[in-house]
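The values are calculated or read from the model by the stated rules, or taken from the named source; none is laboratory data. Note that this is a predicted model, so its numbers are computed, not measured. Here the Cβ positions follow ideal geometry from the backbone for every residue, glycine too, while neighbour counts run over all protein chains shown. Protein only, heavy atoms only, side chains kept; ligands, DNA and RNA dropped before computing areas. Shrake-Rupley method; radii C 1.70, N 1.55, O 1.52, S 1.80 Å.
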Amino acid sequence: IITAYEQQQYETATELYREKELSTKIDAFPVSTRLYIGISFIERQETTEAISVLLPLVGTPYKEEAEWLLLCCYMKINDRDKALQVVTEISIEKLLKERKWF
């Protein structure tokens with residue numbers, strides 16, 4: 001999957017994921033691989049699949065990447081409520097990170 005992603009063979013990456021029924025074993029993959037799978041689905045215009053792969057990544061070290069990709073997905077499917085929710089979360093986090101405590 002990683003090799004296919006790196007070679008921009010998104011169809012191959014997503015087909016490997018589907019053929020091997022890896023969705024049942026997705027938690028066994030490194031977070032970075034799950035991110036690549038999500039991006040591959042986005043590149044193939046399979047937004048719903050991308051969302052299901054990316055949502056669990058919000059609680060990982062790839063949180064920021066996952067949130068931005070989820071925002072793109074929600075905008076793509078015109079789910080304004082979820083897109084706004086993600087934007088709000090991103091905005092709050094940004095404020096907290098920039099906040100200087102005296």
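Within region 1-27, if we keep just the residues that are within 16 Å of the chain's Cα centre (by Cα) and hydroxyl-bearing (Ser, Thr, Tyr), the residue that is most open to solvent (accessible area, probe 1.4 Å) turns out to be Ser23. Pairs are defined by a Cβ separation below 8 Å, a sequence spacing of at least 6 or placement on different chains, a first member in region 86-102 that is within 24 Å of Cys73 (Cβ to Cβ), and a second member that is open to solvent by 100 Å² or more (accessible area, probe 1.4 Å) and at pLDDT 80 or above; the pairs so defined are Ile90/Trp68.
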